[in-house]
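Data first, discussion second: the structure below is written as structure tokens.
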Amino acid sequence: MLVAGSPCSPAGPEEHRGCGARRDGQERGVEAAQELARGPSAFIPLGEIPQEGGESSLHQLLEAFVSAGRVDHVAMVMGLHPQYLSSFWKTQCLLLRMDGPLPYHKRHYIAIMAAARHRCSYLVGLHMREFLQVGGSPAWLQGLHCAPQKLRNLNEINKLLAHRPWLVTKEHIEALLRPGQDSWSLAELVQALVLLTHYHSLASFVFGCGIRPEGEQDVGSSCWAPSPHSNSSPASGDSVGGSGGTDAMQEVEVLMERMKLLQENQLEEDGVTQEEMATRFELEKTESLLVPSSDVLDPSLQSNIRCFLEDPEFGYKDFTRRGEQAPPTFRAQDYTWEDHGYSLINRLYPDVGQLLDEKFQVVYNLTYNTIAMHCGVDTSVLRRAIWNYVHCVFGIRYDDYDYGEVNQLLERNLKVYIKTVACYPERTTKQIYAQFWRHFKHSEKVHINLLLLEARMQAALLYALRAVTRYMT
């Protein structure tokens, strides 16, 4: 996905210059310059990306991308964090281009199905082209009704994993594996589940960072929701000077102080009981947040993906719905990635478990020991709060975590942003991106999106793999 026809490993540019030999180097340079001038994100000023991501490893990656013919906007924004980009690239390459149970064209079609659940025309368009390049039938792109029944049978589990993964059961797995002409093998299904969760969460990143379509995509099929405040500057630009700048500075100092107190175990809540911790989890899970309504979406932008959607009204169901029984809490200790999910994937789909684990670890531990204008900061409690909050909105609870820390560290605008991007990514606007962490760097906001992407993927994978395990036992 990172580059059309790109090599699969982030090697030095010397290895890949031959990939673009069909075209004149000067011509490629002009096109790359034009693409860069337009900017990869509607939320992040173009100048912020090279300024904040100037590591030599990033330059090597970008040069390799340019030599292949096109700079991918997702890669450019992820490139603010080169260590993560390298891990992400290796994983996605294995999923799409290396040996595996599913043929290549079906992998791209599954990516289309997954991205369509969130109306992400950026990813849908990208994988429609990739699908054709690897020999897929153009007829399938007329819509799900033209695809083989075997792929259409994924629709139900695709829908659940995208919006309400807690509803996935062993019966869904059993139905797909039931012997017959259109049945799935267990290895094929595990690859499909990883692809679905990968592209659901990647759609969150695309919307969360305001990724623009590339030049060769249909610009009319924009992949982010239009914002009524689309001309306002994101991040600190709209709050420097005046009382807004002062308030933003105060937010930074308050967060720093709360992190320090938590790390020194000086808060009064240190001795809370298990019952109180469970209560705090439920309060976070059921908190009512004002997520932007769906009326910000322009229906005309969805025409190119409607054909890949069945039951388009199905979406995330907030736990605050009155008169309905909330799904049972998923206790993280009962089915963990480390003890259960990792080994199951590695057994059925070798190598991908290792790469997924590396990707989760890289983003969870990624730190530059900075916050806004402060250096030498231990950000571990903040990263843990963001990760656990994403899992919380999908019903996953850690018994040993005090969810009071979430309220201490994540101000309301940040929680609204996280919940929107994780649960309703197509509703993300430039306004809610600009409203949280107003004095922080854009690279720090991208870091949040990487945490969100991986936490969301792991949450959905845990529900899916738990269902597979129950089917197998």
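Conditions first: (1) assigned to a helix (DSSP H, G or I); (2) open to solvent by less than 30 Å² (accessible area, probe 1.4 Å); (3) small (G, A, S). G315 passes all but one, so which condition is the exception?
Every condition holds for G315 apart from (1).
Taking V377, is it surrounded by 19 or more Cβ atoms within 10 Å (Cβ to Cβ) and among the hydrophobic types (A, V, I, L, M, F, W, C)?
When the stated conditions are applied, V377 does not pass them.
Here is a check on your reading of the model: is C93 at pLDDT 90 or above, surrounded by fewer than 22 Cβ atoms within 10 Å (Cβ to Cβ) and not aromatic (F, W, Y)?
In short, yes.
Can you tell me which of (1) at pLDDT 80 or above; (2) more than 21 Å from the chain's Cα centre (by Cα); (3) open to solvent by less than 50 Å² (accessible area, probe 1.4 Å) is the one M98 doesn't meet?
It fails just one condition, (3).
Quick one: which of Y401, Y417 is of a type in the set (F, W, Y) and part of a loop (DSSP other than H, G, I, E, B)?
Only one candidate qualifies: Y401.
Out of W387, W437, which single residue is buried (at least 20 other Cβ atoms within 10 Å of the Cβ) and under 16 Å from the mean Cα position of the chain (by Cα)?
On inspection, the qualifying residue turns out to be W387.
For L450, only one of the following conditions fails: (1) in a helix (DSSP H, G or I); (2) surrounded by fewer than 24 Cβ atoms within 10 Å (Cβ to Cβ). What is its number?
(2)
Which pairs turn up if I take residues in the stretch 246-260 that are in a helix (DSSP H, G or I) and look for partners that are polar (S, T, N, Q) with beta carbon separation below 7 Å, at least 6 apart in sequence or on another chain?
What qualifies is A248/S236; A248/S239; R258/Q408.
What do you reckon, is A372 open to solvent by less than 20 Å² (accessible area, probe 1.4 Å), small (G, A, S) and without any contact (Cβ under 8 Å) to a residue 60 or more places away in the chain?
Details: open to solvent by less than 20 Å² (accessible area, probe 1.4 Å): yes; small (G, A, S): yes; without any contact (Cβ under 8 Å) to a residue 60 or more places away in the chain: no.
No.
Is there any pair with a first residue in the stretch 98-119 that is over 18 Å from E313 (Cβ atoms) and a second that is of a type in the set (K, R) whose Cβ atoms are under 8 Å apart and which are 6 or more apart or on different chains, and what are they?
Sorted first by the residue in the stretch 98-119, then by its partner, the pairs are G100/R107; Y104/R97.
Quick test for you: out of Q408, Q431, pick the one residue that is open to solvent by 30 Å² or more (accessible area, probe 1.4 Å), over 27 Å from G79 (Cβ atoms) and either in a helix (DSSP H, G or I) or modelled with pLDDT under 95 (or both).
After applying the criteria, what remains is Q408.
The values are calculated or read from the model by the stated rules, or taken from the named source; none is laboratory data. These numbers come from a predicted model, not from an experiment. Using ideal geometry, Cβ is built from the backbone for each residue, glycine included, and neighbour counts are taken over all protein chains shown. Accessible surface areas use protein heavy atoms only, side chains included; no ligands, DNA or RNA. Shrake-Rupley method; radii C 1.70, N 1.55, O 1.52, S 1.80 Å.
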